[in-house]
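The structure appears right after this line, and notes come after that.
The values are calculated or read from the model by the stated rules, or taken from the named source; none is laboratory data. Quick caveat: nothing in here was measured; it's all calculated off a predicted structure. Using ideal geometry, Cβ is built from the backbone for each residue, glycine included, and neighbour counts are taken over all protein chains shown. Side chains included, ligands, DNA and RNA excluded: accessible areas come from the protein's heavy atoms. Shrake-Rupley method; radii C 1.70, N 1.55, O 1.52, S 1.80 Å.
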Amino acid sequence: MNTMLRKSVLGIAGLAFTGGVFAGPIAAHAAEPVHSTKPVAVSVQGAQSKIDLNDEQTANAKAIIAATKKAGLPERAAVISIATSLQESKLENLGHLGDANDHDSLGLFQQRPSSGWGTPEQITNPEYSTLAFLKGLKQVDGWQDMPLTEAAQTVQVSAYPDAYAQWEQQAADIVAQHWNS
């Protein structure tokens, strides 16, 4: 395996481990109506990354948006969620990575069953994993007004705390494109 891919995989595993330890298991989710009257405010930090999305990645982004609406949270929560998933898995619902994965990180957010995020089946369900991430996000005081990377980092507790910022513009564009569709 090439060095860059190996580092990415190991980084994802480390992110998921620490994120799982911090956020813990998911409980019930309160559903409230979603009302959006203004576009998502984006205050992009640093250089931005962008990838072309295939049909599966687009479907996963739409699933994150649907789960965010189900949780009764605003577009900003979807932007943070999608940016986090772009960093953790490139919006791919990853199963176990075998020898390339020294932990049990799975799914869009690289959550770990051994850290209380849920069963492997739950964690690889896009709706469930998004609701688990959002449960952690809702526990962050002031997440709505903090920089994306700080909000995501507080939930994920990554070894690379500034990595989420690079996906903010693409995440905002995805949410703008699909929020009302």
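One table, with the values for the structure above:
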item: Within the stretch 81-181, helices (runs of 4 or more DSSP H) holding 3 or more residues that are within 23 Å of residue 49 (Cβ to Cβ) and open to solvent by 10 Å² or more (accessible area, probe 1.4 Å); result: 148-156, 168-178
item: Positions within the stretch 128-163 being aromatic (Phe, Trp, Tyr) and at pLDDT 95 or above, in sequence order; result: 128, 133, 143
